[in-house]
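Below: one structure, written as structure tokens.
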Amino acid sequence: GENVEQHPSTLSVQEGDSAVIKCTYSDSASNYFPWYKQELGKRPQLIIDIRSNVGEKKDQRIAVTLNKTAKHFSLHITETQPEDSAVYFCAASIYDMRFGAGTRLTVKP
Amino acid sequence: NAGVMQNPRHLVRRRGQEARLRCSPMKGHSHVYWYRQLPEEGLKFMVYLQKENIIDESGMPKERFSAEFPKEGPSILRIQQVVRGDSAAYFCASSPESGARDTQYFGPGTRLTVL
């Protein structure tokens with residue numbers, strides 16, 4: 001089955017800096033790659049997703065890139081703000097989703 | 001348009017009791033997924049159901065755990081004879097019948113504590 005690895009497990013940046021989180025997946029048939037943000041005690045919230053026919057997608061300060069050949073995809077957050085602090089999960093999906101272990105992002109004011 | 005609903009939000013059980021967790025998908029969604037999240041850990045896939053059918057239960061423990069999604073009513077995740085290791089947050093998610101069938105929206109979770 002699909003195996004998703006996510007790095008780093010923790011990331012601390014200064015407010016205004018950029019943050020990058022990387023994921024790799026094992027099953028080349030995966031064709032959908034969402035990113036979720038989970039604040040403490042809350043549900044995971046979909047923040048951006050990308051499908052296998054697209055290499056990059058951007059939504060304001062967040063962007064996701066996908067390299068199908070290398071089987072990796074990344075989340076980029078620019079101009080980080082303290083409210084970006086949360087745990088971020090990547091996932092890869094064919095029919096059902098497998099999640100990475102999560103990255104705890106801390107944005108220091 | 002109500003989102004994914006889960007109840008109860010918090011559930012306390014003693015070892016050996018049964019836990020029943022309920023999930024009502026978003027309107028128009030017929031696919032339901034259950035995940036378990038241990039403290040400080042990621043989301044582990046448990047089971048994927050459509051109405052009256054279990055599609056993939058590869059993440060479900062072989063014993064004590066069962067899930068259903070009947071024709072009428074919510075999806076139920078049932079844990080029999082709970083043990084302390086079952087303490088976790090259980091999230092369900094749903095996705096639509098058509099369109100972006102793989103886009104999953106999560107409920108608020110049920111936090112199960114086993115004493």
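We did not get these values from a lab; they are worked out from the coordinates using the rules stated. Since the structure is predicted, the reported quantities are computational estimates derived from the model, not experimental observations. Positions of Cβ are backbone-derived with ideal geometry, glycine not excepted, and every protein chain shown enters the neighbour counts.
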Query raised in the report: Tell me which lysines have Cα within less than 17 Å of A:LYS68's Cα, excluding those fewer than 8 residues away on the same chain?
Result: A:LYS22, A:LYS57
Query - Within the protein assembly as shown: Cβ-based charge dipole about Cα centre, in debye rounded to nearest 20 (Lys, Arg +1; Asp, Glu -1) - result: 660
Query - For A:ASP49, net neighbour charge (Lys/Arg +1, Asp/Glu -1) across residues whose Cβ lies under 11 Å away - result: 0
**Report entry** Relative exposure of B:HIS29, B:HIS10, judged by other C-beta atoms within 10 Å (fewest first)
**Finding:** B:HIS10, B:HIS29
Query raised in the report: From the backbone phi of the range A:69-75, what are the Karplus-calculated ³J(HN,Hα) couplings (6.51 cos²θ - 1.76 cosθ + 1.60, θ = phi - 60°) in whole Hz, Gly and Pro given as x?
Result: 5, 8, 6, 9, 9, 9, 10
Report summary line: Counting Lys and Arg as +1 and Asp and Glu as -1 over every other residue whose Cβ sits under 13 Å from the Cβ of A:GLU15, the net charge comes to -2
Report task. Convert each backbone phi in the range A:76-89 into a coupling constant with the Karplus relation 6.51 cos²θ - 1.76 cosθ + 1.60 (shift: θ = phi - 60°), then list the ³J(HN,Hα) values in order as whole Hz, x for Gly and Pro. Result -> 10, 10, 9, 6, 4, 10, x, 6, 7, 4, 4, 9, 10, 10
Query raised in the report: Roughly how many debye, to the nearest 20, is the charge dipole of chain A about its Cα centre, given +1 on each Lys and Arg Cβ, -1 on each Asp and Glu Cβ, and no other charges?
Result: 120
Query raised in the report: Taking every DSSP beta bridge that has both residues in the protein assembly as shown, what percent is antiparallel when rounded to the nearest 5?
Result: 90
**Report entry** For B:VAL47, distant residues with modelled amide H under 5 Å away
**Finding:** B:TRP34
